[in-house]
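Student: Have a look at this one before I ask anything.
Values in this text are rule-based calculations from the coordinates and carry no lab data. From a predicted model like this one, the values you see are computed outputs, not experimental measurements. Neighbour counts run over all protein chains shown; Cβ positions are idealised from the backbone, glycine included.
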Amino acid sequence: MHILSIKSLNFKNKIFYKDVNIEKGQIVFLRGASGSGKSTLLRLINATLPLEEGTILYNNKDIREIDTITLRREIILAGQSVYLFPGTIKDNFKRYHEYRESQVPSDEVIRSLLDTSCIDFDIDTVCNNFSGGERQRVFISIALSFKPRVLLLDEPTSALDNATADRLMSNLVTHCKQNYMTMIIVSHDQTITEKYAEVTIDIGEGVK
Amino acid sequence: MSGAASISLVRFIIIYLLLLIVIAIMKKSKINQTKLLFVASIRMTLQLVIAGFILTYIFKHPHPVFTVLYLASMITFAIHRVLSRNKELNTNFKIVIGFSLAFSGLGIVAYFVMAVVNQSIFNPQYTIPLSGMIVGNAMTGVNLGVKTFLESISAEKPRIEALINFGAKPKDILLPFVNQSLETALLPTLNNMVGMGIVSLPGMMTGQILSGTMPTTAILYQISIMIAICTVVCLSVFGSLYLGYRTLYNERNQFL
């Protein structure tokens with residue numbers, strides 16, 4: 001069964017998307033020039049942008065018929081603007097889960113998720129002076145802790161060196177497979193895309 | 001005690017001489033605001049002279065219509081001032097601010113004049129000066145509160161985006177900003193209350209004492225007006241922001 005289907009979708013009559021079906025558990029990469037509407041597609045999928053024309057089906061149901069908060073708690077978007085609250089790594093997990101009204105994961109779980117995101121710091125480390133790449137990876141591990149069915153990542157490796165980027169992607173793919181998670185990634189990184197994509201969607205030519 | 005000694009027009013002119021000191025210091029310190037000083041002094045003089053004439057007329061011919069008109073134009077002006085300083089607001093937010101200012105302002109003025117002073121709301125001698133203080137302070141408060149709110153949500157945009165993408169409710173995301181902005185708007189009034197009577201005698205009390213009111217009566221008015229101001233600032237800012245933040249997203253929880 002398709003977990004996501006995109007049909008005759010366009011955004012404000014400016015960006016036209018090809019019809020796409022995404023299977024459960026797939027690792028999907030989105031490619032396309034800057035401004036071609038990759039990030040917009042992710043935001044349409046998790047309903048943070050209004051969908052005006054076309055359809056997006058999630059588990060065969062039109063997302064317009066699904067409560068947006070419920071939908072966003074299953075389809076998580078870790079966007080390009082990373083935000084961490086002032087305080088420790090653990091504080092951040094706590095704050096975000098409070099906002100989501102969900103159970104804060106145990107220290108063990110947090111440690112293992114940090115491991116997945118290639119963060120070696122202790123959970124009581126203060127995040128305030130972290131580098132861009134470190135913040136990005138802590139942010140991704142928080143997104144993972146919500147146990148999404150679909151994880152949307154917008155340029156997850158943009159602030160990382162090649163080796164770390166490769167390690168992060170490899171860990172994320174393993175994590176997805178273990179947890180039956182679907183992952184849709186926007187990336188400019190050719191090497192990463194070729195190595196990890198099960199499906200690559202070019203949306204570059206969609207713009208009119 | 002008798003009313004304030006009236007100032008003769010010739011002696012009144014002498015007060016403007018003090019401005020020469022300001023001009024001299026501005027010149028010496030190279031503050032290029034002499035023009036503003038002139039404009040400000042002239043505008044103040046003209047506006048107050050006009051207000052003086054209007055009030056004299058209204059007090060001589062007290063009619064409910066005059067009081068109502070004065071109140072209405074005061075509130076319209078206050079709303080206009082707040083909205084013109086926060087142009088980026090959406091239409092519904094503007095409507096909410098207008099209603100909050102009007103209702104809280106009128107409500108507190110009515111309570112003060114009718115319940116505390118025990119006068120008719122149409123008695124211009126009480127309603128006009130008291131509503132000026134109450135509505136003026138509400139205007140400053142709402143302006144500060146709305147400005148703080150808009151600035152903080154724009155500064156914390158990544159936080160708002162991250163939370164909405166992670167499935168938090170817009171209400172939970174925005175309420176902390178509402179609360180913090182309300183606190184910022186209330187603090188000047190609270191601090192003002194703390195220092196009252198020690199450093200200086202507040203304006204209203206000074207005016208009443210000059211015009212011959214017993215200081216014991218003057219303090220009752222002063223305390224009442226401060227509590228009224230505190231309440232009107234709190235109410236109008238709370239109303240504006242608490243109802244206003246909901247205009248920032250639609251029923252699909254999408255920020256507009």
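Student: If I take the Cα coordinates of region B:1-94 and project them onto the principal axes, what are the three extents in Å, biggest first?
Tutor: The Cα atoms of region B:1-94 stretch 49, 46, 23 Å along their principal axes.
Student: Pairwise over distinct Cα atoms, reciprocal of the mean inverse distance: report the Kirkwood radius of chain B in Å, one decimal place.
Tutor: So the Kirkwood estimate lands at 21.1 Å.
Student: Now a separate question. Counting helices only, and only those DSSP H runs with n ≥ 4, report the 222 nm mean residue ellipticity of the protein assembly as shown as the sum of -39,500 (n - 2.57) divided by its residues, in deg cm²/dmol to the nearest 500.
Tutor: -19000 deg cm²/dmol
Student: How large is the charge dipole for chain A, taken about the Cα centre, if only the Cβ atoms of Lys, Arg (+1) and Asp, Glu (-1) carry charge, to the nearest 20 debye?
Tutor: Around 500 debye, computed over chain A.
Student: Where in chain B are the helices, taken as whole DSSP H runs, whose Cα atoms extend 27 angstrom or more along the long axis and whose Kyte-Doolittle mean reaches at least 0.5?
Tutor: Taking the DSSP H segments of chain B (at least 27 Å long, mean hydropathy at least 0.5), we get B:34-60, B:64-85, B:91-110, B:124-155, B:215-244.
Student: Same structure again: Within 10 Å of each candidate Cβ there may be at most 14 other Cβ atoms; applying that plus a DSSP loop requirement, which GluC sites (Glu not before Pro) in region A:1-67 survive?
Tutor: A:GLU52
Student: What is the P(r) of the protein assembly as shown, as percent of Cα-Cα pairs per 20 Å bin from 0?
Tutor: 19, 38, 24, 17, 2
Student: On to the next question. To check my understanding: the extent here is largest minus smallest coordinate of the Cα atoms along each principal axis. What are those three numbers for region B:91-240, in Å, largest first?
Tutor: Taking the Cα atoms of region B:91-240, the three principal extents are 64, 35, 19 Å.
Student: With +1 on each Lys and Arg Cβ and -1 on each Asp and Glu Cβ, and nothing else charged, work out how big the dipole of the protein assembly as shown is about its Cα centre, in Debye to the nearest 20.
Tutor: 1820 debye
Student: Right, here's the next one. Which percentage, to the nearest 5, of the DSSP beta bridges contained in chain A is antiparallel? Walk me through the numbers on the way to the answer.
Tutor: Numbers: 15 of 32 bridges.
About 45 percent, rounded to the nearest 5.
Student: Also: Which one, B:SER100, B:SER73, B:SER131, has the greatest fluctuation when you compute a Gaussian network model over chain B with C-alpha springs under 10 angstrom?
Tutor: Result: B:SER73 has the largest fluctuation of those listed.
Student: Oh, and also: Among all stretches of chain B without exposed GluC sites (Glu not before Pro) (DSSP loop, at most 14 other Cβ atoms within 10 Å), which one is longest?
Tutor: B:89-250
Student: Another question, then. Compute the convex hull volume of the Cα atoms of region A:105-208, divide it by the residue count, and report the result per residue in Å³ as a whole number.
Tutor: 119 Å³
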